[in-house]
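The values are calculated or read from the model by the stated rules, or taken from the named source; none is laboratory data. Owing to the predicted nature of the structure, the values given are computational and were not obtained by experimental measurement. Note: ideal-geometry Cβ built from the backbone for every residue, glycine included; neighbour counts use all protein chains shown. Surface areas here come from the heavy atoms of the whole protein model, side chains and all, with no ligands, DNA or RNA. Shrake-Rupley method; radii C 1.70, N 1.55, O 1.52, S 1.80 Å.
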Amino acid sequence: MTKKVVVIGGGIVGCVTSLFLSEKGYEVVLVDQSAMGQETSWAAAGILSPLLPWDYHDDVNSLCFKSTNFYYQLSERLKKDTNIDPEWIESGMLIHDVQEEAHAINWCKKNHVEIQRIEKDRKTCLLLPRVAQIRNPRLLKALKVYLVQNHVAIIEHEKIKPIKDSTHLVCNLQTESGLNLEADQYVITAGAWSSYVLNEVDKPKIKPIRGQLIQYPMIQEKLLHILYSDDFYLVQRQDGIVLGGSTTEDVGFDKGVTEDAKNYLQHKAESLMPDLKKYNIQNQWSGLRPGSEGNVPIIEKHPNYDNVYLNIGHYRYGLTMAPQAAERIVNLITQDG
Ligand SMILES: Cc1cc2nc3c(=O)[nH]c(=O)nc-3n(C[C@H](O)[C@H](O)[C@H](O)COP(=O)(O)OP(=O)(O)OC[C@H]3O[C@@H](n4cnc5c(N)ncnc54)[C@H](O)[C@@H]3O)c2cc1C
């Protein structure tokens with residue numbers, strides 16, 4: 001008999017999890033409290049790599065690097081089947097003002113990550129040529145079409161209430177409008193809001209961390225690579241627009257944007273690429289990262305419920321990690337039968 005899974009949260013993590021579940025033959029219902037794919041996964045910059053991989057936990061890198069091939073293939077599939085191009089580009093990332101050059105190069109050698117040392121304006125930069133980027137708002141738009149084509153039922157504008165079951169099995173989940181959702185298994189992929197769904201009132205495991213980005217209009221100059229310096233990056237899309245980010249702010253669920261952040265990001269952007277001084281900032285937005293200890297996501301069965309699975313807390317690299325994180329959680333679900 002076909003098993004039914006309800007996935008809560010239609011960001012990149014929920015979308016890829018739903019896709020893999022449907023490919024394994026599950027009946028999948030994906031629920032979102034707003035329009036799916038419009039929260040943090042939409043707000044991100046779309047860089048498919050940790051910024052300085054050698055600064056991160058092995059598990060973060062393992063999830064990121066094992067995911068890299070997936071996006072190229074997915075992008076090709078989405079172009080063909082949905083006519084939406086998510087603009088996967090292997091642009092590489094050029095790191096300026098390298099702090100620990102020898103450590104970075106040794107780490108890359110040890111982990112089989114390609115790296116090149118480049119002299120630019122008499123300064124040493126490091127190039128990670130295999131780093132790719134994707135235009136995440138288009139990726140999410142295409143995924144929505146693709147999931148429907150692959151028989152995933154999408155329910156939007158329904159907010160799941162906190163889990164309250166007193167037994168080891170959750171029988172159903174309710175939405176604030178009174179909809180009852182019954183399934184064999186449930187997967188929580190609610191990003192920064194996951195602790196609310198999990199009813200973690202006293203000690204939330206997942207904490208929202210706001211990130212703001214600025215956008216320059218289509219510029220004439222071509223950025224050959226993603227540029228990175230001192231926790232700041234510039235990414236150029238195929239049509240020439242440039243994004244600069246980002247901030248990391250512990251301000252709760254406030255999704256506002258601030259003048260201070262705009263000035264800070266503009267200063268960083270124009271120091272890294274002085275040509276940007278010719279252009280006005282066109283847009284500014286923010287997203288709430290699902291903050292977790294050390295950036296390490298929680299991908300496991302719920303400790304108290306036998307049919308609830310967690311795929312949460314992907315913090316700064318949820319786009320990058322989503323494929324491998326989804327594979328891990330889907331493996332756990334299929335092992336449990
Ligand atoms: C400024 C910025 C730049 C970033 N840049 C990058 C980058 O370049 N590369 C990278 O890999 N990562 C980046 N990230 C991080 C990345 O965006 C996140 O890690 C990732 O989007 C998390 O995905 P998610 O699916 O868990 O969350 P989300 O995309 O936020 O999705 C969660 C979904 O759950 C829904 N939801 C919440 N509560 C409920 C409920 N009660 N009922 C129903 N639905 C609910 C929400 O509406 C939302 O759609 C960036 C983040 C920010 C803020």
* Asked: Can you pull out the residues in the range 300-320 that are in contact with a helix residue (DSSP H, G or I) (Cβ under 6 Å, 6 or more places away or on another chain), among the β-branched types (Val, Ile, Thr) and within 15 Å of Leu332 (Cα to Cα)?
  -> Ile312
* To do: Please give the number of the condition Gln33 fails out of (1) more than 6 Å from the ligand (Cβ to nearest atom); (2) outside any helix (DSSP H, G or I); (3) surrounded by fewer than 24 Cβ atoms within 10 Å (Cβ to Cβ).
  => (1)
* Please enumerate the residues belonging to the range 134-155 that are within 23 Å of the chain's Cα centre (by Cα) and open to solvent by 20 Å² or more (accessible area, probe 1.4 Å). => Arg135, Pro137, Arg138, Lys141, Lys144, Val145, Val148, Gln149, Asn150, Ala153, Ile154, Ile155
* Asked: How many residues does the range 182-230 hold that are within 25 Å of Thr258 (Cα to Cα) and either within 12 Å of the ligand (Cβ to nearest atom) or crowded, with 24+ Cβ neighbours inside 10 Å (or both)?
  -> 15
* Given the residues Leu94, Leu78, Leu51, which is the only one that is crowded, with 17+ Cβ neighbours inside 10 Å and either near the ligand (Cβ under 9 Å from one of its atoms) or free of Cβ contacts under 8 Å to residues at least 12 places away in the same chain (or both)? -> Leu51
* Asked: Quick check: is even one residue across the range 85-92 among the charged types (D, E, K, R) and under 16 Å from Ile226 (Cβ atoms)?
  -> yes
* Structure fact -> Here the residues within the range 132-150 that are more than 12 Å from Glu87 (Cα to Cα) and without any contact (Cβ under 8 Å) to a residue 60 or more places away in the chain are Val148
* Can you tell which of Leu288, Leu332, Leu276, Leu310 is open to solvent by less than 10 Å² (accessible area, probe 1.4 Å), in a helix (DSSP H, G or I), in contact (Cβ under 8 Å) with a residue 12 or more places away in the chain and of a type in the set (A, V, I, L, M)? -> Leu276
* Here are some conditions: (1) within 13 Å of the ligand (Cβ to nearest atom); (2) open to solvent by 10 Å² or more (accessible area, probe 1.4 Å); (3) not assigned by TED's automatic domain parsing to the domain that holds Asn331. Glu158 meets all but one. Which one does it not meet? -> (3)
* Asked: Considering the range 13-30 alone, what residues qualify as being open to solvent by less than 10 Å² (accessible area, probe 1.4 Å), near the ligand (Cβ under 8 Å from one of its atoms) and in contact with a strand residue (DSSP E or B) (Cβ under 6 Å, 6 or more places away or on another chain)?
  -> Gly14
* Structure fact -> Restricting attention to the range 212-266, the residues that are part of a strand (DSSP E or B) and β-branched (Val, Ile, Thr) number exactly 4
* **Answer residue from the range 295-307, given it is within 14 Å of the ligand (Cβ to nearest atom) and not in a strand (DSSP E or B) and is modelled with the lowest pLDDT among those** => Asn295
